[in-house]
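Data block below; observations after.
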Amino acid sequence: METKSMWEATANLSKCRQRLKEHEECDVVIVGGGFTGLSAAYHLQQKKCKTIVLEKNYIGSGASGRNGGQILTGFVDSMSSLAKKKGLKTAQQMLQMSLDSIDLIEKIITENDISCSFKRTGHLYAAYKPAHLDWIKEEQEVLRRDFKYHVHVVEKEELKNELKTDFYHGGCIDENSASYHPFNYVLGLADAVEKLGGTIYENSEAIRIVKTPKKKVVIETQEGKVTANHLVIVTNAYSGDLHKTISRSVVPVESIMIATERLPEELVSSFIPKERAVFDTKHMLYYFRRTPDNRIAFGGSGRSISKDTTPLYQKLQQGMNSVFSELENYKVEYQWSGKVGFTRDMHPYIGQLEDGTHFAFGYAGHGAAMSTLMGKLLSVNILSENKGENPFEKNDLRPIPFYSQHGKVVGLMKYYFKVKDAIS
Ligand SMILES: Cc1cc2nc3c(=O)[nH]c(=O)nc-3n(C[C@H](O)[C@H](O)[C@H](O)COP(=O)(O)OP(=O)(O)OC[C@H]3O[C@@H](n4cnc5c(N)ncnc54)[C@H](O)[C@@H]3O)c2cc1C
């Protein structure tokens with residue numbers, strides 16, 4: 001079984017970038033070579049601001065190269081819930097930003113001719129229980145009435161036009177969502193940064209932050225260092241000890257994925273005829289889609305207490321087969337995992353700490369869309385073009401209580417959600 005992500009295994013040719021070995025200087029040093037960091041570098045370079053990106057492993061080795069490639073509107077919290085918590089005006093602004101994030105990705109892909117199979121496929125939010133369709137309908141009404149935003153409810157009887165399964169009880173279509181090959185997008189974004197004059201170092205873990213009296217910051221790696229005017233840390237769910245305030249404000253939750261062997265065209269297009277990005281209402285959700293090379297990529301929640309992860313992947317495969325029973329006759333060729341970053345508010349944070357560090361993280365499974373926009377907003381903040389004017393701005397990060405116990409807490413939450421899926 002191949003454990004490299006299917007996206008990495010099927011990606012366009014990529015170059016190996018050098019390790020930082022010298023003392024470099026730039027305007028902005030960015031720690032983390034995922035969508036957020038590369039988008040920040042891209043937008044800064046467009047404004048002739050000299051950037052250096054430091055990536056601990058290689059481009060796309062974090063969540064950006066291992067996700068489901070579903071570029072979704074909205075957030076993990078429903079818009080009606082966000083309206084209650086934040087007020088309608090702010091929630092409206094949030095929804096608009098999620099739509100803008102998809103437009104921005106499309107624009108970058110077009111302008112830089114990035115070959116990553118971007119397609120406005122729309123998404124299908126599938127109801128796991130009949131009662132879930134009722135609250136999908138209520139949400140549709142809130143979206144129409146309060147947000148002037150239109151999604152389309154699909155009743156159980158019509159669902160066969162969208163999905164070849166009896167597993168779900170209807171759902172809801174949002175035509176604005178999209179999908180892409182995430183590894184190819186992150187590679188294309190890295191190339192675009194370099195074309196604009198930015199520098200990317202791989203295998204260059206930032207291990208220490210040193211402040212200088214001249215209001216500059218020095219980031220040290222094992223073999224080199226960078227002196228810059230501004231520091232951006234966008235390590236998200238892969239944050240280590242570099243900056244404790246940031247790493248203790250993001251909860252990494254593992255998600256696992258499998259991908260089948262290539263399937264006959266007729267079969268794969270019968271499963272999801274309109275190529276929707278699909279996710280469901282289960283608390284322990286499933287998310288899945290057709291890939292550009294005719295596989296089904298299927299994801300779910302998957303932290304294991306034991307070191308043997310085989311049962312987790314087997315369980316996910318059983319889940320996939322219970323959605324599409326014909327897949328029992330086909331092999332799973334890839335399995336992989338990655339970390340998704342959550343905040344205590346379950347929506348992204350972006351901001352600048354008192355020590356001057358800029359950050360953005362915590363997209364909670366909606367980062368394929370939001371991260372590119374957050375990277376752009378980081379550039380806007382650094383260039384002081386629009387500071388503090390978006391609803392995700394947060395300058396007082398407070399560490400999550402019992403942070404060191406988060407693994408156990410996440411495990412317990414998952415057990416609770418499994419029980420909830422069974423009974424509600
Ligand atoms: C299995 C899985 C499925 C997902 N599916 C979806 C989906 O379908 N749709 C969706 O919207 N979102 C999805 N997500 C979430 C999405 O992938 C992320 O929100 C997004 O990629 C985050 O991008 P990022 O740039 O902030 O972080 P990352 O891509 O994780 O980048 C952070 C980078 O920082 C580097 N780093 C860490 N420490 C250091 C250091 N000290 N020095 C230098 N570099 C460092 C890491 O190596 C990493 O490359 C999924 C995530 C996973 C794991």
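Just so you know, all these numbers are worked out from the coordinates, no wet-lab data involved. Note that this is a predicted model, so its numbers are computed, not measured. We place every Cβ from the backbone using ideal geometry, glycine too, and count neighbours over all the protein chains shown.
For this structure, a couple of remarks:
- Mean shadow area of the stretch 307-354, taken as a quarter of the surface of its Cα convex hull (nm²): 6.4 nm²
- Cut-off 16 Å, label 7 Å out along Cα→Cβ of S325, residues of the stretch 251-274 by amide N: 271
- Between the stretch 220-276 and the stretch 186-201, the alpha-carbon centres lie 18 Å apart.
- Compared with the dominant principal axis of the Cα atoms in the chain, helix 182-195 is inclined by about 30°.
- Packing-based ranking, highest mean first, of 252-258, 66-72 given that Cβ atoms within 10 Å are counted: 66-72, 252-258
- DSSP assigns beta bridges within the chain; of those with both partners inside it, close to 65 percent run antiparallel.
- Rounded FRET efficiency, nearest 0.05, which uses the C-beta distance separating T310 from E223 and R0 of 41 Å: 0.60
- Given charges at Cβ of Lys, Arg, Asp, Glu: the stretch 176-310 dipole, positive-most of T199, V217, V250: V217
- Spatial separation of Cα centroids for the stretch 15-62 and the stretch 81-155, in angstrom: 31 Å
- Relative contact order computed over the chain (Cα-Cα under 8 Å; 6+ residues apart), in percent: 25 percent
- For the stretch 33-122, convex hull of alpha carbons as volume per residue, Å³: 137 Å³
- Dipole check for the chain: with +1 at the C-beta of Lys and Arg, -1 at the C-beta of Asp and Glu, and the Cα centre as origin, the magnitude is about 1100 Debye.
- Cα→Cβ-extended label distance, 7 Å offset, between D396 and D166, nm: 5.6 nm
- Degrees separating the helix 88-111 axis from the principal Cα axis of the chain, which is the longest one: 80 degrees
- Ranked by the mean number of other Cβ atoms within 10 Å of their residues, highest first, the peptides 347-353, 375-381, 45-51, 144-150 come out as 375-381, 347-353, 45-51, 144-150.
- Whole-number D in µm²/s for the stretch 95-144 (Stokes-Einstein; Kirkwood sum over Cα pairs; 25 °C, 0.890 mPa s): 182 µm²/s
- Per-residue extension of 0.36 nm, minus the Cα-Cα distance of D146 and E265, leaves a gain of 38.7 nm for this segment.
- Principal axis dimensions, the stretch 129-261 - Cα atoms, whole angstrom, descending: 66, 39, 30
- Computed with the Debye formula from one identical point scatterer per Cα of the chain, without solvent, the log10 of I(q)/I(0) at q = 0.10, 0.14 Å⁻¹ comes to -0.67, -1.34.
- By the compact-protein rule of thumb, 2.2 N^0.38 Å, the alpha-carbon radius of gyration of the stretch 155-217 corresponds to a ratio of 2.19.
- In degrees, nearest ten, helix 406-423 long axis to first principal axis of the chain (Cα): 20 degrees
- Lys pairs, the stretch 216-286 - Cα-Cα below 24 angstrom, 8 or more residues apart or on other chains: 4
- Mean residue ellipticity (222 nm) of the chain, computed from DSSP H runs ≥ 4 via -39,500 (n - 2.57), nearest 500: -10500 deg cm²/dmol
- Largest-first principal axis extents, alpha carbons of the stretch 1-48, Å: 44, 26, 18
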